[in-house]
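One structure is given below, encoded as structure tokens.
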Amino acid sequence: MAEAVRSGARSARSVVDEHLDVIAAREPEIHAFNVVLADEARFAADEIDRRVAAGEDPGPLAGVPVALKDNMCTRGIPTTCSSRILEGWIPPYDATVVERLAAAGAVLVGKTNLDEFAMGSSTENSAFGVTRNPLDTTKVPGGSSGGSAAAVAAGFVPLSLGSDTGGSIRQPAALCGVVGVKPTYGAVSRYGLVAFASSLDQIGPFARTVSDAALLLEVISGHDPLDSTSIPAAPADLTSVLDRGVEGMRIGIIEELSGDGLEGIAGDVQARLGEAAAALEAAGATVETTSVPSTVYGLSAYYVLAPAEASSNLARYDGVRFGLRVDAPTSGDMHTATRTAGFGDEVKRRIMLGTYALSAGYYDAYYGKSQKVRTLIVEDFARAYGRYDLLLSPTSPTTAFSIGEKTADPMTMYLTDVCTIPSNLAGHPSMSVPFGVGDDSMPVGVQVLAPAMGEPAMFRAAAVLEAAAPPRAAS
Amino acid sequence: MAELARLSLTDDELEAFTVQLADILDHAADLDALDLADVAPTAHPLPLVNVFRADVIGPTSDRDEVLAAAPEVEDAQFKVPPVLGESR
């Protein structure tokens, strides 16, 4: 698409108009977006076309429509985090990823729905209503980046960005049948990403194909002095290594996160994982089951650590400098009234949980202990990567569940993140690749995990899986 | 806890949250099975060290633009209700 626009074979305007038509037709049913920027997108596309006509090269994503999760700051365009507390707030600056997309010639067509402040696994926690799975509108798209996943799955955009703190890119990618990548912690600048749990958050791409995801990740990666956690290294070359295959690679299936070791992994998901392993073996890799024992404790540690960091990060929503204010006679009452009215239930739950885990007397029992478990997970992964180049697991224990199915019991919702959380705790990259469907004809995702900076090998395996994946029935 | 987190809850909410939070903390008790006596805590996945940048003036935010986002402003300052006084 970008090639056609750069060469002048297609106008960026026609590409954007075509996607806006698809959005107009199905968005009312799906609700992937908090806002569609139709006029701005047409204007930006015309500008790209002018530059092509003038003989300039607008960049590797010339004219490609993209969508952004609505927790990334966009100058002059509201950024809500799908929360009442930020409704109407207009950021005075662009996130670094927004600048990099624009510099690459991409056209922003909208900002996508999410679980409020990225806290959730189904996009049902949005203050602005649920997003529906484009493949079956009675099902959730996953979360928290459900809007970004649904926008790609519905054909609204070929590319989008999400953020992943405990699986919020990979799990919705699996549930919507698209590719989703959580890069190495520090590979992509988070300047302008509204913070949830700062030691875990990472921005990454959604795409329909592995090569599109690789191209988008190359565009957004690289050092940024504005993010103190940004790795000072050049971005990895991914697009040129995709066809190198997995001949000679050693790949381990994580026993604790697959059907043999973990209750709750559905039979159809386990079956697809087995077929994916066989496909990698057929392509020349050595694949065997291996134990990474502490990964199974990741979930418990995460649901202490992430809320603890969130309770601190979300203290800034106090009705003073931006967003909602509910008036009250004193400042203290104003803070409480504003936060009570502005935050939804899941955010309140996590703020209270985090406040408790950090409070005097309980700190060692919860927060301190969870940080030690994090060390065990890092050490177990280090041992595993001494023997294997990559690891493999399901992305989500099940295919997409029904809207409303898990909202009453937060713990059952949290359990959907069990396979994705360990990579966040270790700071490692991992990605979800669609691999066939479950018994309900909904997509299954296979997760490829790699050590820090291991994206090139991870993408090579993903490309092999994509080529070997059973065709999905037309949807 | 709600008070510490500057949230106010109705009785019904209090009851529901209490049950749900207890459930989550029960799950976290799984970690008691591990021997963590000699394990160092990890706060962050990267071995970060402090760095210094050249002392060069870069672009800064526009004051009026930042103040425009605030609920209430007076004389280029954020305005809040009295900090001391009768609480409700």
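Each value in this text was obtained by applying a stated rule to the coordinates, not by laboratory testing. Because the structure is predicted, anything quoted here is derived from the model rather than measured. Quick reminder, even Gly has a Cβ in these numbers, built from the backbone with ideal geometry, and neighbours come from all protein chains shown.
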Starting from the Kirkwood Rh over alpha-carbon pairs, what translational D in µm² s⁻¹ does the range A:1-99 have by Stokes-Einstein at 10 °C and 1.306 mPa s? 108
Once the Cα gyration tensor of chain A is found, what semi-axes does its equivalent ellipsoid get, as square roots of 5 times the eigenvalues, in whole Å, sorted largest first? 30, 30, 20
Projected label distance in nm at B:Ala68 and A:Arg250, using a 7 Å step from Cα toward the beta-carbon: 5.9
Efficiency by 1/(1 + (r/R0)^6): what FRET value for B:Asp11 and A:Ala233, r their Cβ-Cβ distance, R0 = 41 Å, to the nearest 0.05? 0.15
Describe numerically, in nm with one decimal, the distance between label points set 7 Å from Cα along Cα→Cβ at B:Val49 and at A:Ala360. 3.7
Given 37 °C and 0.692 mPa s, compute D for the range A:360-402 with the Stokes-Einstein relation, Rh being the Kirkwood radius over Cα pairs; round to the nearest whole µm²/s. 247
Given the range A:328-390, report the % of alpha carbon pairs whose separation exceeds 21 Å. 54
Just need log10 I(q)/I(0) for the range A:143-273 at q = 0.12, 0.18, 0.22 Å⁻¹, Debye formula, equal scatterers on the alpha-carbon atoms, no solvent, rounded to two decimals. -0.54, -1.12, -1.31
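Test of the criteria: in the range B:8-88, which chymotrypsin sites (Phe, Trp or Tyr not before Pro) are in a DSSP loop and have at most 13 other Cβ atoms within 10 angstrom of their Cβ?
Counting only loop positions with at most 13 other Cβ atoms within 10 Å, the chymotrypsin sites (Phe, Trp or Tyr not before Pro) in the range B:8-88 are B:Phe52.
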Between B:Ala76 and A:Glu288, what FRET efficiency follows from the Cβ-Cβ distance if R0 is 56 Å, with the result rounded to 0.05? 0.30
Over chain B, what portion of Cα pair distances is larger than 21 Å, expressed as a whole percent? 72
Kirkwood Rh and Cα Rg combined as Rg over Rh, evaluated for the range A:292-420: 1.08
Once you compute Rg and the Kirkwood Rh from C-alpha atoms, what is the Rg to Rh ratio for the range A:2-220? 0.95
Based on the Cβ-Cβ distance from A:Glu281 to A:Glu379, what FRET efficiency comes out when R0 is 25 Å, to the nearest 0.05? 0.35
Please give the charge dipole size of chain A, origin at the Cα centre, charges +1 on K and R Cβ atoms and -1 on D and E Cβ atoms. Round to the nearest 20 debye. 660
Any chance you could list P(r) for the range A:215-324, counting all Cα-Cα pairs in 5 angstrom bins from zero, rounded to whole %? 2, 9, 10, 10, 12, 16, 17, 11, 6, 4, 2, 1
